[in-house]
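The values are calculated or read from the model by the stated rules, or taken from the named source; none is laboratory data. Since the structure is predicted, the reported quantities are computational estimates derived from the model, not experimental observations. Positions of Cβ are backbone-derived with ideal geometry, glycine not excepted, and every protein chain shown enters the neighbour counts.
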Amino acid sequence: MSSSDLTSQARTNREFWNRQADEYQAEHGEHIGRPEPRWGLWQIRESELRILGDVGGKDVLEFGCGAAQWSVLLAQQGARMVGIDNSERQLEHARTAMAEAGVEFQLVHASAESLPLPDASFDVVFADHGANRFADPLLWVPEVSRLLRVGGFAAFSGGTPFEWIGWNSETDTWDGGLHRPYFGMHRSETPEGSVEFELPYGAWIRLFRRNSLEVEELREIQAPEDAVTTYRTDEENAWARRWPMEQIWKVRKL
Amino acid sequence: MTLSEHAQTNREIWAENAAEFREPGKRNWAQPDITWGIWHLPESEIGALPVLEGKDVVELGCGTAYISSWLVRRGANVVGVDLSPEQLATARELQAEHRIEFPLIEASAEDVPLPAASFDLVISEYGASIWADPYLWIPEAARLLRPGGELVFLTNGLILELAWSVESERVGETLVYDYFGFHRLEDPKDGAIVFQLPYGEWIRLFRANGLEVEDLIELQPPEGADPGRWDFVSNEWARKWPSEEIWKARKPA
């Protein structure tokens with residue numbers, strides 16, 4: 001897809017991730033490069049959360065794969081993986097990781113808002129703070145629904161409406177105050193230069209249902225007591241012990 | 001009737017509160033339109049309810065039964081359930097005054113003496129939806145619904161509950177209570193016990209009781225709307241964050 005076909009956020013975020021990829025992998029690569037699948041800010045084991053379950057023999061799409069840490073591990077578990085990402089530089093990191101692990105699967109360079117992949121071709125579409133955060137849900141949820149086979153599911157971790165309303169833009173942190181309105185929550189330009197998205201709980205539910213996705217679960221992740229992360233400060237982890245800073249939606253194609 | 005401890009407490013509190021709810025009940029009974037919550041948002045704009053004509057409806061925690069009266073006037077067969085005999089006495093007076101009769105049952109929504117699979121709609125507005133324990137009344141609602149039937153209830157906005165200031169008895173702009181584990185809140189003044197759950201916990205509870213999640217409608221009042229006697233929340237606050245929300249769940253056909 002030529003960059004002129006991209007939405008403004010897809011263009012901005014492509015440039016952002018091409019610019020940031022090396023630094024991001026250097027800063028977080030060790031934290032998220034674990035020998036088993038783990039979710040999110042605090043790298044909680046999939047074997048504990050059991051969101052994806054057994055992916056052996058399934059067609060699985062990682063929706064915003066970055067350096068494909070997840071995809072490599074799931075491919076080793078027997079999933080037929082495809083990884084998509086909007087950033088060429090992130091995909092170069094993914095190719096390096098695949099070569100090191102000795103696994104092969106398809107990587108697609110595209111915006112999650114319009115994917116060059118056939119209808120009903122996946123059993124599972126998932127993201128761990130992936131394209132779901134950086135693409136517009138009003139565009140990517142219909143895409144995920146289109147790509148899923150009937151009976152397949154999507155699961156994605158990301159931020160939360162509480163993270164949105166609780167963020168103090170003046171101090172760039174979370175202090176327990178309500179700082180941004182809930183109504184109208186959708187698109188936000190971050191101080192780092194990316195564009196991120198979040199929706200009110202009800203808007204997510206309506207968007208899923210309009211796209212033939214049944215709501216199965218909303219797993220709200222509480223920061224562990226002994227939280228270790230390269231993504232958040234101790235103060236932010238303390239906030240996330242009390243209010244949700246990360247959540248995983250799971251929806252199934254009807 | 002066996003009552004849970006909090007139901008017993010809340011029943012005693014409603015014995016005292018009921019007198020105060022007579023006048024608002026009277027006004028609501030006289031109102032022609034169906035509206036939701038403290039901002040009186042019209043159902044014609046919210047669209048939370050299914051077609052009512054000929055439907056069997058139970059209102060859990062009906063109080064003075066104004067919601068029931070609106071639904072009866074639209075052709076529904078309604079049963080009102082409330083655990084406060086004083087509230088039900090007001091409801092009976094208003095039934096007589098308006099010549100609109102429907103059954104009223106004194107019971108807790110946590111243990112409803114009505115047969116399973118006998119209703120197309122279970123509704124609650126500031127009734128069971130805040131005063132009863134969701135872990136007890138949601139299973140009851142699911143039991144009472146026929147396949148294809150719907151549960152629709154209005155409750156306090158969760159953010160409003162979390163930002164509640166006990167001292168000022170108003171909602172503030174600081175989160176006071178923890179989200180994780182939120183369930184039961186006791187009023188330090190009168191001891192009233194109300195309930196609310198995290199969003200993900202409601203979804204888990206619906207699904208554990210065989211209900212599909214249909215909608216969550218966060219209510220926003222129009223600019224300038226006045227909450228009247230419910231001055232614990234300002235229009236300015238409620239324009240930014242949801243002061244009330246309506247959950248909809250369905251029992252699969």
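Anything in region A:4-53 that is in contact with a helix residue (DSSP H, G or I) (Cβ under 6 Å, 6 or more places away or on another chain) and among the polar types (S, T, N, Q)? List them, or say none.
Those that are in contact with a helix residue (DSSP H, G or I) (Cβ under 6 Å, 6 or more places away or on another chain) and among the polar types (S, T, N, Q): A:ASN13, A:ASN18, A:GLN25.
Quick one: what pairs do we get from region A:166-180, first residue away from chain B (no Cβ under 12 Å), second part of a strand (DSSP E or B) and surrounded by 19 or more Cβ atoms within 10 Å (Cβ to Cβ), C-beta under 8 Å, 6+ apart or different chains?
What qualifies is A:TRP167/A:TRP174; A:THR173/A:TRP167.
Scanning region A:86-96 for residues that are buried (at least 20 other Cβ atoms within 10 Å of the Cβ) and touching a residue at least 60 places away in the same chain (Cβ under 8 Å), which turns out farthest from the chain's Cα centre (by Cα)? Walk me through how you get there before you give the answer.
Filtering region A:86-96 for residues buried (at least 20 other Cβ atoms within 10 Å of the Cβ) gives A:86-87, A:90-91, A:93-94.
Adding the requirement that they be touching a residue at least 60 places away in the same chain (Cβ under 8 Å) leaves A:86-87, A:90, A:93.
Values: A:ASN86: 12, A:SER87: 14, A:GLN90: 14, A:HIS93: 17 Å.
Filtering region A:86-96 for residues that are buried (at least 20 other Cβ atoms within 10 Å of the Cβ) and touching a residue at least 60 places away in the same chain (Cβ under 8 Å), the one farthest from the chain's Cα centre (by Cα) comes out as A:HIS93.
Kindly check whether there is at least one residue in region A:174-190 that is under 16 Å from the mean Cα position of the chain (by Cα), closer than 20 Å to A:SER114 by Cα, part of a loop (DSSP other than H, G, I, E, B) and among the charged types (D, E, K, R).
Checking region A:174-190: not a single residue is under 16 Å from the mean Cα position of the chain (by Cα), closer than 20 Å to A:SER114 by Cα, part of a loop (DSSP other than H, G, I, E, B) and among the charged types (D, E, K, R).
Just one of the numbered conditions (1) touching a Lys or Arg at 6+ places or on another chain (Cβ under 7 Å); (2) within 26 Å of B:ALA15 (Cα to Cα); (3) polar (S, T, N, Q) is not true of B:GLN220; which one?
(2)
Considering only region A:15-27, state which residues are surrounded by fewer than 17 Cβ atoms within 10 Å (Cβ to Cβ) and not basic (Lys, Arg). Spell out the reasoning first.
Residues of region A:15-27 surrounded by fewer than 17 Cβ atoms within 10 Å (Cβ to Cβ): A:15, A:18-19, A:22-23, A:26-27.
Answer for region A:15-27, where residues must be surrounded by fewer than 17 Cβ atoms within 10 Å (Cβ to Cβ) and not basic (Lys, Arg): A:GLU15, A:ASN18, A:ASP22, A:GLU23, A:ALA26, A:GLU27.
Could you list all residues from region A:62-85 that are under 12 Å from the mean Cα position of the chain (by Cα), part of a strand (DSSP E or B) and of a type in the set (A, V, I, L, M, F, W, C)?
Within region A:62-85, A:PHE63, A:ILE84 qualify.
Would you be able to tell me the number of residues in region B:171-183 that are surrounded by fewer than 14 Cβ atoms within 10 Å (Cβ to Cβ) and part of a strand (DSSP E or B)?
Count: 1.
For A:ALA99, only one of the following conditions fails: (1) outside any loop (DSSP other than H, G, I, E, B); (2) under 26 Å from A:GLN247 (Cβ atoms); (3) not basic (Lys, Arg). What is its number?
Tallying (1) outside any loop (DSSP other than H, G, I, E, B); (2) under 26 Å from A:GLN247 (Cβ atoms); (3) not basic (Lys, Arg), A:ALA99 fails exactly one: (2).
Conditions: (1) outside any helix (DSSP H, G or I); (2) under 13 Å from the mean Cα position of the chain (by Cα); (3) among the hydroxyl-bearing types (Ser, Thr, Tyr). B:SER168 meets all but one. Number of the miss?
(2)
Looking at (1) hydrophobic (A, V, I, L, M, F, W, C); (2) within 9 Å of another protein chain (Cβ to nearest Cβ); (3) assigned to a loop (DSSP other than H, G, I, E, B); (4) surrounded by 18 or more Cβ atoms within 10 Å (Cβ to Cβ), which is the only condition B:VAL233 fails?
Of everything listed in (1) hydrophobic (A, V, I, L, M, F, W, C); (2) within 9 Å of another protein chain (Cβ to nearest Cβ); (3) assigned to a loop (DSSP other than H, G, I, E, B); (4) surrounded by 18 or more Cβ atoms within 10 Å (Cβ to Cβ), B:VAL233 misses just condition (2).
Can you tell me which of (1) within 11 Å of another protein chain (Cβ to nearest Cβ); (2) free of Cβ contacts under 8 Å to residues at least 40 places away in the same chain is the one A:PRO191 doesn't meet?
Going through the list (1) within 11 Å of another protein chain (Cβ to nearest Cβ); (2) free of Cβ contacts under 8 Å to residues at least 40 places away in the same chain, A:PRO191 breaks only (1).
Only one of (1) of a type in the set (Val, Ile, Thr); (2) under 19 Å from the mean Cα position of the chain (by Cα); (3) facing another protein chain (nearest Cβ under 9 Å); (4) farther than 28 Å from A:LEU254 by Cβ fails for B:VAL194. Which number is that?
(3)
I'm trying to understand the selection: among the residues of region B:208-225, which are closer than 24 Å to A:ILE165 by Cα and either outside any strand (DSSP E or B) or more than 7 Å from chain A (Cβ to nearest Cβ) (or both)?
B:LEU219, B:GLN220, B:PRO221, B:PRO222, B:GLU223, B:GLY224, B:ALA225
When you scan region A:195-208, how many residues do you find that are more than 19 Å from B:PRO198 (Cα to Cα) and within 7 Å of chain B (Cβ to nearest Cβ)? Give the steps one after another, and end with the answer.
At the first step, the residues of region A:195-208 found to be more than 19 Å from B:PRO198 (Cα to Cα) are A:195-197, A:207-208.
Still in the running and within 7 Å of chain B (Cβ to nearest Cβ): none.
Qualifying residue count for the region: 0.
In the set A:PHE153, A:PHE162, A:PHE126, which member is closer than 24 Å to A:ILE51 by Cβ and assigned to a helix (DSSP H, G or I)?
Values: A:PHE153 fails: assigned to a helix (DSSP H, G or I); A:PHE126 fails: assigned to a helix (DSSP H, G or I).
Checking each option against the conditions leaves just A:PHE162.
Please verify whether region A:225-241 includes one or more residues that are within 7 Å of chain B (Cβ to nearest Cβ), outside any loop (DSSP other than H, G, I, E, B), of a type in the set (A, V, I, L, M, F, W, C) and buried (at least 20 other Cβ atoms within 10 Å of the Cβ). Steps first, please.
Filtering region A:225-241 for residues within 7 Å of chain B (Cβ to nearest Cβ) gives none.
Scanning region A:225-241, I find no residue that is within 7 Å of chain B (Cβ to nearest Cβ), outside any loop (DSSP other than H, G, I, E, B), of a type in the set (A, V, I, L, M, F, W, C) and buried (at least 20 other Cβ atoms within 10 Å of the Cβ), so the answer is no.
Answer yes or no as to whether A:GLU214 is more than 14 Å from chain B (Cβ to nearest Cβ), surrounded by fewer than 22 Cβ atoms within 10 Å (Cβ to Cβ), in contact with a strand residue (DSSP E or B) (Cβ under 9 Å, 6 or more places away or on another chain) and touching a residue at least 24 places away in the same chain (Cβ under 8 Å).
Details: more than 14 Å from chain B (Cβ to nearest Cβ): no; surrounded by fewer than 22 Cβ atoms within 10 Å (Cβ to Cβ): yes; in contact with a strand residue (DSSP E or B) (Cβ under 9 Å, 6 or more places away or on another chain): yes; touching a residue at least 24 places away in the same chain (Cβ under 8 Å): yes.
Here the answer is no, as A:GLU214 does not meet what is asked.
Condition check ((1) surrounded by 19 or more Cβ atoms within 10 Å (Cβ to Cβ); (2) part of a loop (DSSP other than H, G, I, E, B); (3) at pLDDT 95 or above) across all residues:
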residue	(1), (2), (3)
B:GLY148	no, no, yes
B:LEU185	no, no, no
B:ASP190	no, yes, no
B:PHE206	yes, no, yes
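Could you list, ordered by first residue, the pairs with Cβ atoms under 6 Å in which the first is in region B:128-143 and part of a helix (DSSP H, G or I) and the second is β-branched (Val, Ile, Thr), at least 6 apart or interchain?
These pairs meet every condition: B:SER129/B:THR155; B:ILE130/B:THR155; B:ILE130/B:VAL194; B:GLU140/B:VAL112; B:ALA141/B:VAL122.
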